[in-house]
1. Which one of these is at positive phi, free of Cβ contacts under 8 Å to residues at least 60 places away in the same chain and of a type in the set (Ser, Thr, Tyr): Tyr204, Tyr211, Tyr177?
2. Pull up segment 258-270, narrow it to residues that are in contact with a strand residue (DSSP E or B) (Cβ under 8 Å, 6 or more places away or on another chain) and either outside any helix (DSSP H, G or I) or not acidic (Asp, Glu) (or both), then point me to the one that is modelled with the highest pLDDT.
3. I'm told Ala87 meets every condition in (1) touching a helix residue (DSSP H, G or I) at 6+ places or on another chain (Cβ under 9 Å); (2) modelled with pLDDT of 95 or more except one. Can you identify the failing condition by its number?
4. List the helices (runs of 4 or more DSSP H) that sit entirely inside segment 57-131 and contain at least 3 residues that are buried (at least 18 other Cβ atoms within 10 Å of the Cβ).
5. Hey, among the residues in segment 32-54 that are of a type in the set (Val, Ile, Thr) and surrounded by 11 or more Cβ atoms within 10 Å (Cβ to Cβ), which one's nearest to Ile136 (Cα to Cα)?
6. What pairs come up if the first residue lies in segment 340-358 and is free of Cβ contacts under 8 Å to residues at least 40 places away in the same chain, the second is not in a helix (DSSP H, G or I), and their beta carbons are under 9 Å apart, counting only those six or more places apart or on different chains?
7. Given the criterion within 22 Å of Tyr150 (Cα to Cα) and either surrounded by fewer than 17 Cβ atoms within 10 Å (Cβ to Cβ) or modelled with pLDDT of 95 or more (or both), identify the matching residue among Phe179, Phe184, Phe240, Phe216.
Amino acid sequence: MKKFNLGLKTLDLYIIKKFLGTYVFAIVLILAIIVMFDINEKLDNFMRAPLSATIFDYYVNFLPYMANQFSPLFTFIAVIFFTSKLAENSEIIAILSSGVSFNRLLRPYLISAAIIGLFSFTLDAFVIPPANVKRINYQNQYVRNKAVEYGVDIQLKVAADEIAYMSRFDNRSKAAYNFSLEKFEDKELRSRLTATVAVYDTLYRWTLKNYMIRDFKGMKETIRTGSSLDTIIPIEPRDFLIAENDHEKMTTPELKEYIDRQRERGVANIKGFEIEYERRFAMTAAALILTVIGMSLSSKKQKSGMGLNIGIGLLLSFSYIMFMTVTSTFALSGLASPRIAMWIPNMLYLIIGIFLYRRATH
């Protein structure tokens, strides 16, 4: 066979082209169906929104989001479909009869799956989260508002020895009421700052209104007061006003930083963020695992034709997504850590893949 750059041969390029072409076709086809159902469900909401906002703020960001959410499904369907077609046309028999081993035949499949997995991870980690900000803002304004606009009786760690408290926070005005910040040293109170109102600006900048600072040193107390004070306090609204889809707005580095910071502060309700972080890595590995399953399952010609392979492929792919949804509830309920919960489906389907692969090579 004729050599190609990067060590790829004509057979590799042929399969990679078929794989990626079928993958894109599956995405376009299924997204078209999703859009039809989405329009039918939200038509009344779309009628109230400007057409330009619906197209550019919602659908331009909604389609990549949905495509990436179901990328393993599209990968699996693509493998099942075009491999069954190759087997139906006796192309795989001809390839194996020419001296190419099954292991060698699997190589371009894994290369294609790696390309899809890396591309999907890049989108998930860096591209889609900023786009989700526009999509979610559109949904909050015109479809269903899931934003958290206020909180009451909020208490959290600012640092290891600093505790902040506010009786109420209004996210629309970025104002905290009855704000206090206490600093401790060796479990003893050293300073207490109070303000009737604390207004958040950006980059941890807060403006305190009608403030009082009480410093304690032994039996001595020093009091300072004023009407306004600009200061830096390393907390921001998203640290304590947590909406159910906030994790979708963060890039992977931002998500990791946020999770670590919240753990240090003792915040408990961050399971959704931890699950999202682990899901992004697990879904990347899923592309490789499902490719091995799909190729092993559909590489042999069936008397019943392509229909059986496609049916089994759809059943397995949808069961994978359903299983991942079920295991995520284990993490939410505390029965398993987010990492274990997100990787359970991959481990199970890896075992299935090894079984099918061994059966296909014998």
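1. Tyr204 is the lone residue from the list that is at positive phi, free of Cβ contacts under 8 Å to residues at least 60 places away in the same chain and of a type in the set (Ser, Thr, Tyr).
2. Arg265
3. (2)
4. Helices (runs of 4 or more DSSP H) meeting the threshold: 60-69, 71-88, 102-122.
5. Thr54
6. Between residues of segment 340-358 that are free of Cβ contacts under 8 Å to residues at least 40 places away in the same chain and residues that are not in a helix (DSSP H, G or I), the close pairs are Ile344/Ala336.
7. Phe179
This table checks each residue for (1) under 23 Å from Leu20 (Cβ atoms); (2) in contact with a Phe, Trp or Tyr (Cβ under 9 Å, 6 or more places away or on another chain); (3) of a type in the set (Val, Ile, Thr); (4) touching a residue at least 12 places away in the same chain (Cβ under 8 Å).
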site	(1), (2), (3), (4)
Ser84	yes, no, no, yes
Ala87	yes, no, no, yes
Ile95	yes, no, yes, yes
Asn103	yes, no, no, yes
Tyr109	yes, yes, no, yes
Leu118	yes, no, no, yes
Asn132	no, yes, no, yes
Gln139	no, yes, no, yes
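The values are calculated or read from the model by the stated rules, or taken from the named source; none is laboratory data. Note that this is a predicted model, so its numbers are computed, not measured. When we count neighbours, we look across all protein chains shown, and the Cβ atoms used for this are built from the backbone with ideal geometry, even at glycine.
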